[in-house]
Amino acid sequence: MCKITAIVLAAGTGSRMKSKEKKQFMKINGKPVIWYSLFQFEKSIVDEVILVTGEEDIEYCNENIVKQYNLKKVKHIIAGGSERYESVYNGLKKTTGDIVLIHDGARPMLNQKIIARCIEGAKKYKACVAGVATKDTVKIVDKDKKVVKTPQRNSVWITQTPQAFYTALIKKAYAEMIKSKESNVTDDAMVVETYGDADVYFVEGSYSNIKITTPEDIEVAEVLLSKKESI
């Protein structure tokens, strides 16, 4: 039987929100941003959830989120690092599943279909990421913002989370990255692309699977979630 772990990252400071309250704890339709993805994993086939947050927020998460909303699949609440990759690595050390999904807690629009596609993608490919094809033409520019290249639109995808992997694969890739002291990575797929021994594939995400980064994103998420709940 394949055991599945989800790591949910909620250790960011959210400086671009221009708020004293961290974005993962801000309310959308009366519930914390982080609750939405935790709830989706709670009702999925995922076996365990590891919540990674700031050390100073561990007790808050335990009392005001995990206990308050009766999230039984959250088995560990641990401290993250100063960088995203450190938070992921800390989560991987606690992971016991054969497959691990790594998700940004600031993406509250996660749903069961995306989770299922990521799990199946990991089983099939060993490494996959949720994403969508870009709707816009993308330009590659140099440091002076001069256009260098215009890639074909059908070859450009926007990367989201969850990103799902064989646990042994992503653990080994992260260990190699840490050993190399190279930290210029922007997502987990990049770690596998650089230090792993498997190709990374896309599975279908959703254009609604936005990341909360600015105050405007909260307003958009409120509208999207209101529509979702009314269906």
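Worth pointing out:
- Positions within region 98-116 being basic (Lys, Arg) and under 11 Å from the mean Cα position of the chain (by Cα), in sequence order: ARG107
- Any helices (runs of 4 or more DSSP H) falling wholly within region 148-231 and containing at least 1 residues that are in contact with a helix residue (DSSP H, G or I) (Cβ under 9 Å, 6 or more places away or on another chain) and more than 24 Å from LEU110 (Cβ to Cβ): 167-180, 188-195
- Qualifying position, being touching an Asp or Glu at 6+ places or on another chain (Cβ under 8 Å), within 19 Å of SER208 (Cα to Cα) and at pLDDT 95 or above, among VAL88, VAL132: VAL132
- A single entry from LYS139, LYS211, LYS172 fulfils the requirement of being surrounded by 12 or more Cβ atoms within 10 Å (Cβ to Cβ) and under 15 Å from the mean Cα position of the chain (by Cα): LYS211.
- Residue match in region 1-22 (condition: out of contact with any strand residue (DSSP E or B) (no Cβ under 8 Å at 6 or more places or on another chain), in contact (Cβ under 8 Å) with a residue 60 or more places away in the chain, of a type in the set (Ser, Thr, Tyr) and over 26 Å from ILE178 (Cβ atoms)): yes
- Pair list, Cβ < 9 Å and 6+ apart or interchain, from region 38-50 residues that are more than 7 Å from ALA6 (Cα to Cα) and free of Cβ contacts under 8 Å to residues at least 40 places away in the same chain to residues that are basic (Lys, Arg) and in a loop (DSSP other than H, G, I, E, B): GLU42/LYS72; GLU42/LYS73
- Screening LEU110, LEU71, LEU101 for residues that are within 26 Å of ALA198 (Cα to Cα) and part of a loop (DSSP other than H, G, I, E, B) leaves exactly one candidate, LEU110.
- Test for LYS93: is it of a type outside the set (Val, Ile, Thr), at pLDDT 95 or above, closer than 24 Å to LEU169 by Cα and out of contact with any Leu (no Cβ under 8 Å at 6 or more places or on another chain): yes
- Test for GLY121: is it of a type outside the set (Val, Ile, Thr), within 23 Å of ALA11 (Cβ to Cβ) and either free of Cβ contacts under 8 Å to residues at least 40 places away in the same chain or assigned to a helix (DSSP H, G or I) (or both): no
The values are calculated or read from the model by the stated rules, or taken from the named source; none is laboratory data. Note that the coordinates shown come from a computational prediction; the quantities given were computed from them, not determined experimentally. Neighbour counts run over all protein chains shown; Cβ positions are idealised from the backbone, glycine included.
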